[in-house]
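Q: Here it is, the structure, as structure tokens.
Throughout, read-outs are computed from the coordinates displayed, never taken from laboratory work. Just so you know, these numbers come straight off a predicted model, no measurement behind them. All Cβ positions, glycine included, derive from the backbone under ideal geometry; neighbour counts span all protein chains shown.
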Amino acid sequence: MSVPITPEAAAAAALLGPEPSGLSVPPGAGPALQPTLFELSRPGRGGGKVAHPPKDALDRIPAAARRVTPPALPEIDEPTVARHYVNLSRLNYSIDTGFYPLGSCTMKYNPKVNEWAARLPGFASLHPFAPDALAQGTLDLLWQLEEALAAISGMEAVTLQPAAGAQGELAGILMVRAYHRARGDLDRTEVVIPDNAHGTNPATASMAGFTTVSIPSAPDGGVDIEAFRSALGPRTAAIMITNPSTLGLFEKRVVELLEMVHAVGALAYMDGANLNAIMGHFRPGDAGFDVMHFNVHKTFGTPHGGGGPGAGPVGVRAALVPFLPSPRVLREADGTFRLEAPGERPSSIGRMRSFVGNTGVLIRAYAYIRAHGGPGLVQVSEDAVLAANYLKHRVAEAYEVPFERPCMHEFIASAAALKRDTGVRTLDVAKRLIDYGHHPPTIYFPHTVEEGMLIEPTETESVETLDAFADALIAIAREAHEAPGLVTSAPTTAPVRRLDEAAAARQPNLRWRPVAGAETPCPE
Amino acid sequence: MAYTPHTADDRERMLAALGIDSVEALFAEIPSSVRAAGLPLPAGFPEHELMAHLAALAAANRTGLAEFAGGGVYRHYIPPIVDQVLLRSEFYTAYTPYQPEVSQGTLQSIYEFESLVAELTGMDVVSASHYDGAAATAEAALMACRATRREHVLVSAAVHPHYRETVATYFRGGDLALDEIPLVADGPSAGTTDLAALERLLADATRPVAGVIVANPSFLGLLEPMDEAVRLAHAAGALLVAVVEPVSLTVLAPPGAYGADIAAGEGQPLGIPPQYGGPYLGLLAATDPLIRQIPGRLVGMTTDVDGRRAYVMTMRAREQDIRREKAASNICTNQALCALAAAVYVATIGPHGLRDVAAMSAARAAELEATLAAAGAPRLFPGPYLNEFAVRVPDARRVHEALLDRGILGGIVLADVEPGRPELADGLLVCATEVTTSAEIAAFGAALSAVLAGAVAGRTGAPAGLASPAGGVR
């Protein structure tokens, strides 16, 4: 039985169809907001985890080098720390608590065996400066992972060093730059990018010293081939495209596009964010892409961690192999493995970061690939695409779906008509989904679709979950007509309601200071 | 395929709703000329076989030696509560907190992380994390260039070589210039940043300097003259980037105290295991005037419409998804779960405990210094250090290998990580922490004595009677 949140909500709840699951939670029974660690601090509490050092331990440190005022860190007993974090965790939505259809993020189930694997002491306690002879197990795993990613992508070689997809993009575009320079081709200063690309693509091109040329997409959602043709020329270093695109559509004219790019001497970068749709159906290296990155936290089920850590391996075709970041993992003739020595390959673009890569994340990705094998990964993509098309079919009952073509692993829906008719925006629909117990999809991205919702169900959600989500979206569309206030005031069942983001940006409070903290009341 | 819920009936039901016979129809837009037919990978493992395979790979590593390797990554005691919190899947299976109403757990934990690091560093603004110490240092260098509108950065040759190389990689794109500040060659300050050379480099008016990067403690473990470096940098209109190690900041002057503009560093010592290179935690902090130049996520405290305290990602106009090619950096998602580990670690260890960790590490290191000196490996440089230092060992690479045979990971062979630096050719970089035991130190000393004696006597075999100190040695 629902407990009324507001009189309007009560009336509407009585009137409307499927009951938002969130409304059956009585107010106050949900997870409560928490005071900060600093407010939990009491002098003399906590600590006691490590032995006390001898009194003279620091006498040999010159006085001028020492800290004068101790840091005002909180003093908290372990039971209170445990309760603090467990209660904080309950304020989070997560894959393990519900459906998380964030388009372009591939929020699939994170297998538990992978968490076990990464924590094996043989992996977790290995020092990154351990000599190769001590690291043969991890090096073997990394080498096999490179091979597997090369097989999945059709690329010649793979580096595992980049720490995230965005850093993989930077590594890839720096390799493009090095490739052209090595050929004495110094005038290629432009990177051509469709306007619906992830923001990281133009930001990466800028960081790598290129200017960006933005290309509008065609009416069918694909790239505008003619616009690309006129943008390409002797100044083009590379194109960066996402395939399937950020609209969830496969680039039908990809062969023609790649021919055009190569004809002008440029290279083709593929943003691999959407690889989950195409495993075993399309290998970018075979098709002629020169370089791509993988997001292992999307395609290969490694946890998103509330915003990292991920890993962003990069695959390249043969022409770019000399420029791969260092160090590479090498397999010797006798079957042992080693890391490249500093300076061993002068053509390398250099290091992207310290050590070999986010090994703990890569172990999880390796476990995922091995658990599935080739046939399993193909099934992953097929199930992801089937689920997305089924959900799109259901959502189309109440929302516009701008592109009639089959989608890949995700699709875009629009609440533009709903907004026109009722004033209810996509943002409101998204927030109302929270009251129905679902995480909102990605909204207002790509920017090219008005009132867009990018919805990606992944292969690990059951038909029942897909139906429940579609039913919720359809119910919200009805609410928008019949009780729009219910939608525009949502969420009402989340730990907090909508935030004052303008104030947060205008007068940023980015760290605890006792005075600033006291301005907003401490949650009890 | 272990993780799919779909039965054959489920798939049939979805296909029927779509009015198609086979999922093949959904892939029809892939041109036939580039259509792949499956993947050249073997079939998947059943889970128990997968576990056996992974356990065998982990066992093929050799760990459990008496370890004295640091070089920016340190073994510290990690209370089990840290991993227990990380295993709350409400944390690790959530995404970047784009929907603050259902992400307050992640958001508050990041705000608390920012606050803890601000206290440790004495800085005003702390980014919600970067990839690692190297990438954070590179972003700090780029920040200095943006803030000063200059294109030339100086980095001390005593900054971690991986960080220097990473800055060089990040600078390649913007055609920014990076020069090294040499180290003092001899005397009491040998091995530290050469301030006279720094002053000369800063005086070149044709190449105005945006930032000066100095690490304290340095890669070689030495304490650097940070006050002087700040004074020189500021006098030339440059910013000072301090590369710091967070545990040390409980006992060493923090960058905020000596006037650094930006602090960067590796957060791994705060509750994150070595795991052969990552994931770690890039720390990046700055003074208030640089707030709009700092890249990466920032979480701020605000209120919801009912006036309740709440947290949100803020100042988003700096970021790539809003600014695209004009963004401060391409960084987006990075190391939130590692930031959570660091916060849980600091909260659990507490301020006194963290100071004890730093001081006990220093005490163990002093014990190690005396033991190694007695065994014939004196320090390479004479200046003060906290818990890491270089020692001089003839034929260091071979000695290091011989120590492995005796169950000792005898630090880092400096010639392997800093090739082409003759002054480091005979160096081993060694460290101790609070988990280093006296027995391990004694075993290192005994093994080193034996190896060096063997070298003198022209022997290669191991003498009898050297017990494995840490157990677990094969």
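Q: May I ask you to give the average projected area over all directions of the convex hull of the Cα atoms of segment B:80-344, in nm² rounded to one decimal? Can you show the working numbers first?
A: Values: hull surface 59.0 nm².
Result: 14.8 nm².
Q: Hey, for a label at B:Ala37 modelled as a point 7 Å past Cα toward Cβ, could you say which residues of segment A:366-410 have their backbone N under 18 Å away?
A: Taking a point 7 Å out along Cα→Cβ of B:Ala37, the residues of segment A:366-410 whose backbone N falls under 18 Å are A:374-376, A:378-379.
Q: Quick check: convex hull over the Cα atoms of segment A:457-509, volume per residue in Å³, rounded to an integer? Could the numbers behind the result be given before it?
A: Numbers: hull volume 7.4 nm³, N = 53.
Enclosed volume per residue, from the Cα hull, is 139 Å³.
Q: Now for a different question. So which lysines can A:Lys392 reach, going by Cα to Cα under 26 Å and dropping same-chain residues fewer than 8 places off?
A: A:Lys108, A:Lys252, A:Lys298, A:Lys419, A:Lys431
Q: Right, something else. Roughly what % of DSSP beta bridges within chain A run antiparallel, to the nearest 5?
A: Working: 18 of 35 bridges.
Counting only bridges with both partners in chain A, antiparallel ones make up about 50 percent.
Q: Okay, next question. Alpha carbons only, please: Rg and Dmax for segment B:372-418, in angstrom.
A: When restricted to the Cα atoms of segment B:372-418, Rg and Dmax are 11.0, 32 Å.
Q: Throw me the Rg/Rh for segment A:375-497, computed over C-alpha atoms with Kirkwood Rh, two decimals.
A: Values: Rg = 14.4 Å, Rh = 14.7 Å.
Reported Rg/Rh, Kirkwood definition of Rh: 0.98.
Q: Now for a separate question. Return the distance in nm (one decimal) between the two label points of a simple spin-label model at A:Glu450 and A:Leu330, each offset 7 Å from Cα along Cα→Cβ.
A: Each label point lies 7 Å from its Cα, and together they span 5.9 nm.
Q: Right, here's the next one. Evaluated at 25 °C with a viscosity of 0.890 mPa s, what Stokes-Einstein diffusion coefficient in µm²/s does chain B have when Rh comes from the Kirkwood expression over alpha-carbon pairs?
A: On the way: Rh = 24.9 Å.
D = 99 µm²/s.
Q: Give me the one-decimal nm value for the distance between modelled label points at A:Arg229 and B:Thr7, 7 Å along each residue's Cα-to-Cβ direction.
A: 5.3 nm
Q: Report the calculated FRET efficiency for A:Trp116 and A:Glu147 (r = Cβ-Cβ distance, R0 = 25 Å), to the nearest 0.05. Kindly include the intermediate steps, with their values, before the conclusion.
A: On the way: r = 23 Å, r/R0 = 0.93.
After rounding to 0.05, the efficiency reads 0.60.
Q: Averaged over every viewing direction, what's the projected area of the C-alpha convex hull for segment A:154-211? Give it in nm², one decimal, please.
A: With the hull built on Cα positions only, its mean projection is 4.8 nm².
Q: Hey, another quick one. So if I place +1 on the C-beta of Lys and Arg and -1 on the C-beta of Asp and Glu, and nothing else carries charge, what would the dipole magnitude of chain A be about its Cα centre? I want it in debye, nearest 20. Let's see the in-between values first.
A: Working: 45 positive and 56 negative charges, 371 e Å.
With Lys and Arg at +1 and Asp and Glu at -1, about 1780 debye.
Q: Could you tell me the extents of segment A:97-154's C-alpha atoms along the three principal axes, largest first, rounded to whole Å?
A: Extents along the principal axes: 44, 32, 18 Å.
Q: Give the calculated FRET efficiency between B:Ser438 and B:Glu401 to the nearest 0.05, with a Förster radius of 25 Å applied to their Cβ-Cβ distance. Please list the in-between numbers first.
A: Working: r = 25 Å, r/R0 = 1.00.
Calculated value: 0.50.
Q: Further, regarding this structure: How big is the antiparallel share of DSSP beta bridges in the protein assembly as shown, given as a percent to the nearest 5? Can you show the working numbers first?
A: Working: 46 of 83 bridges.
Once the DSSP bridges in the protein assembly as shown are tallied, antiparallel ones form about 55 percent.
Q: Once every DSSP H run of n ≥ 4 in chain B is given -39500 (n - 2.57) and the sum is divided by its residues, what mean residue ellipticity at 222 nm do you get, rounded to the nearest 500 deg cm²/dmol?
A: Helix contribution divided over all residues of chain B: -12000 deg cm²/dmol.
Q: At what distance in angstrom do the alpha carbon centres of segment B:382-423 and segment A:410-477 lie from each other?
A: Measuring centre to centre over Cα atoms gives 59 Å.
Q: Would you mind listing how long the protein assembly as shown runs along its three principal axes, going by Cα atoms, in whole Å with the largest first?
A: Taking the Cα atoms of the protein assembly as shown, the three principal extents are 86, 63, 62 Å.
Q: For B:Asp227 and B:Ala59, calculate 0.36 nm times their separation in residues minus their Cα-Cα distance, and state this gained length in nm to one decimal.
A: Working: separation 168, 0.36 × 168 = 60.48 nm, distance 4.72 nm.
Gain in length upon complete extension: 55.8 nm.
Q: Let me test this: with uniform point scatterers at the alpha carbons of segment A:116-370, what is the Debye-based log₁₀ I(q)/I(0) at q = 0.11, 0.13, 0.17 1/Å?
A: For segment A:116-370, the Cα-only Debye profile gives -0.56, -0.78, -1.28.
Q: Count, for each residue of A:385-393, the Cβ atoms from other chains sitting within 10 Å of its Cβ, then give me the mean as a whole number. Kindly include the intermediate steps, with their values, before the conclusion.
A: Numbers: counts 3, 10, 6, 1, 8, 8, 1, 1, 4.
Counting other chains' Cβ atoms within 10 Å and averaging over A:385-393 gives 5.
Q: Given a Förster radius of 45 Å and the C-beta distance between B:Ala373 and B:Asp175 as r, what FRET efficiency does 1/(1 + (r/R0)^6) yield to the nearest 0.05?
A: Details: r = 47 Å, r/R0 = 1.05.
Using R0 = 45 Å, I get an efficiency of 0.45.
Q: Provide the percentage of antiparallel DSSP beta bridges, counting only those with both residues in chain B; round to the nearest 5.
A: 55 percent
Q: Let me know the mean shielding of B:160-169 by other chains, meaning the per-residue number of their Cβ atoms within 10 Å of its Cβ. Don't jump to the answer; show the numbers that get you there.
A: Numbers: counts 1, 3, 7, 3, 2, 10, 6, 2, 3, 11.
Mean partner shielding for this stretch: 5.
Q: From zero outward in steps of 20 Å, how is the percent of C-alpha pairs of chain A spread across the bins?
A: Once binned at 20 Å, the Cα pair distances of chain A give 19, 47, 30, 4.
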